[in-house]
Amino acid sequence: MPTIMNRRQASALLATAPLAMTIAARAASPRRLLLRGADHLLTMTGVPRQKTDLLISGGWIEAIGPNLPVREADVIDLSGHILMPGFVDTHWHMWNTAARGLWRSAKGGFMPTMAAIAPHFTPADVAIGVDLALAEAVSSGITTVHNWAHNLRSPAHAEAEIAAMVRSGVRGRFAYGYAQDADKDQPMDLDHLSAIARRPPSALVSIGICARGPDRSDAEVWQAEWDAARRLGLPISTHMASDAKAAAGGGIAALAARDGLGPDVQLVHLTAASRADMDRVAKVGSPVSISPWTELEVGYGVPPIPDMIAAGLLMGLSVDNMVLAGQADMFSVMRLSTDLARGVSRDQLLVEDMTALRWATAVGAQSLGLGKRVGALVPGMRADVIAVRVNTLNTMPPADLPSLLTHSARPDDVSLVLIDGVVHKRDGHLIRVDLPAIQAQAAASIARMRSTTAV
Ligand SMILES: [Zn+2]
């Protein structure tokens, strides 16, 4: 945490500074923000606190405690709320968000429908998808995203998605990918990737890659992509063992044999992975992302969460895509994760609600390499914070907080969202996006796509 001068030092500095410098100093040092009197505060690292304040300065969490004696701060009253870290989504294909619900068409189911429209996405279209996804993310309390860009049809597509992420002010990783219809022997644009990697987009947006990996590309291709990413110091993500056919291909063993796993390699789904493969993945610390809703909806199967817990996998949760999932609701992802585990294991006590809450926050952040910055409310970490109302019809009376957050609360109950100390949603309203414009652009984009392709 940076050194913060006290009020007297700051006043002395400003009193002696020329006017221009005074104005500049004020502009560069936004006022502190005090979140006052939350009924409950979940740090994710300790026991819940009651009637607690949280003080933010320069985007950092400066202090947490009851009745903090603070002057010269903007104050937001949070009585009637739970204060907690923002959610971390660990795998989300944002480019096709405007195709929400379009998982079946005259072309067939999800895969053929996406195959029909994907070639028609322009850079503007993929950016519209990212705009819409990020607006919904913030509204739902998701403050960190992993944008899995697997329809990059040109360098301009990548630049457009990155620009959308940067202007949103949402924290995240842009995972550089490939075109949906790329051949299995065609690598992603490694020259452009290299150029992108040399200039990190912003303090909030970092770069990684999303590759087809052993399950969906030739060995020479995925090995070249792994080598390029590691040479550039970029994290890697790939879909693995999504269904029985993919699992039977032995991709996880192939990755392990070539030192292709590790903390820098996230594996997505593992729905059909054997327990031996899970043990192999856990042993080397590769994080995993599951998306229970879409794994059911696309027919991959029931995520084997009891085995994943037993193997000790580093778990992240995700919404995956809006075409199948329909909505970016991390509350329902947590609910489904716990309840599927209970049903599959026939053991009501197998998984705690708090466990899913950690997956959606602190553990998810850790799985993306952000665990020291976000995912918990601790002085010295960046202020990615949400407040959830506990006085609505479906959230009152509050009894067990983890149960309330995983089984009662909904995105509409998120009234306040801060990312890096900046307010994005207040009193239930998004305040940094032109939502009507985004909605109009998304509607026009998908309408044009449907008329062009007859889906
Ligand atoms: Zn995916």
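Mind checking which of Met44, Trp60, His93 is farthest towards the positive end of the range 41-106's charge dipole, using Cβ charges of +1 (Lys, Arg) and -1 (Asp, Glu) about the Cα centre?
Going by the charge dipole, the pick is His93.
Identify all aspartates and glutamates with a Cα-Cα distance to Lys51 below 15 Å; exclude those on the same chain that are fewer than 8 residues away in sequence.
List returned: Asp39, Asp77.
Excluding residues on the same chain fewer than 8 positions from Lys107, give the aspartates and glutamates whose Cα lies under 19 Å from its Cα.
Answer for Lys107, where 19 Å is the Cα cut-off: Asp181, Glu297, listed by chain and number.
Cut-off under 17 Å on the C-alpha distance; same-chain residues fewer than 8 positions from Lys283 excluded. Which aspartates and glutamates are left, in chain and number order?
Reachable aspartates and glutamates: Asp259, Asp264, Asp307.
Please state the Cα pair-distance histogram of the range 261-369 with 5 angstrom bins from zero: what percent is in each bin?
2, 13, 24, 27, 22, 10, 2
Using helices alone, what [θ] at 222 nm do you get for the chain, with -39,500 (n - 2.57) per DSSP H run of 4 or more residues, divided over all residues and rounded to the nearest 500? Don't skip to the end; give the middle numbers.
Details: 19 runs with 180 residues, N = 455.
Taking each H run of at least 4 residues, the total per residue is -11500 deg cm²/dmol.
Non-local amide H neighbours of His91 (under 5 Å, H modeled in plane, Pro and chain starts lacking H): which ones?
Those lying under 5 Å, H to H, from His91 are His146, Val319, Asp320.
Rounding to the nearest 20 debye, state how big the charge dipole of the range 28-130 is about its Cα centre with +1 on each Lys and Arg Cβ and -1 on each Asp and Glu Cβ.
Approximately 240 debye in magnitude.
Residue-wise, which Karplus ³J(HN,Hα) couplings in Hz belong to the range 230-242, taking 6.51 cos²θ - 1.76 cosθ + 1.60, θ = phi - 60°, and x for glycine or proline?
5, 5, 8, x, 9, x, 10, 9, 8, 6, 9, 6, 5
Which percentage, to the nearest 5, of the DSSP beta bridges contained in the chain is antiparallel? Could the numbers behind the result be given before it?
On the way: 27 of 63 bridges.
The answer is about 45 percent antiparallel.
If you project the alpha carbons of the chain onto their three principal axes, what span does each projection cover, largest first, in Å?
66, 54, 44
Which order do you get for Asp181, Asp218 if you rank them by accessible area with a 1.4 Å probe, largest at the top?
Correct descending sequence by accessible area is Asp181, Asp218.
Note down the accessible area of Val455, probe 1.4 Å, to the nearest 10 Å².
The accessible area of Val455 comes to roughly 20 Å².
What list of ³J(HN,Hα) couplings, whole Hz, do you get for the range 392-404 from phi and the Karplus terms 6.51, -1.76, 1.60, once you set θ to phi - 60° and write x for glycine and proline?
Couplings: 8, 4, 8, 10, 10, x, x, 10, 8, 5, x, 5, 4 Hz.
Return the long-range amide H neighbours of Ser289 (sequence gap of 5 or more, or a different chain), with a cut-off of under 5 Å between placed amide H atoms.
Leu267, Val268, His269, Gly316
Magnitude of the Cβ-charge dipole of the range 140-226, K/R +1 and D/E -1, about the Cα centre, nearest 20 debye? All intermediate terms of the calculation are to be shown ahead of the outcome.
Values: 9 positive and 11 negative charges, 115 e Å.
That gives a dipole near 560 debye.
Solvent-accessible area of Arg280, probe 1.4 Å, all protein chains present, reported in Å² to the nearest ten, please.
90
Could you size up the charge dipole of the chain around its Cα centre, putting +1 on the beta carbon of Lys and Arg and -1 on that of Asp and Glu, and report it in debye to the nearest 20?
Values: 42 positive and 43 negative charges, 218 e Å.
The dipole magnitude comes to about 1040 debye.
The values are calculated or read from the model by the stated rules, or taken from the named source; none is laboratory data. In this text, all values refer to a predicted model and were calculated from it rather than measured experimentally. Positions of Cβ are backbone-derived with ideal geometry, glycine not excepted, and every protein chain shown enters the neighbour counts. Keep in mind that these areas ignore ligands, DNA and RNA; they rest on the heavy atoms of the full protein, side chains included. Shrake-Rupley method; radii C 1.70, N 1.55, O 1.52, S 1.80 Å.
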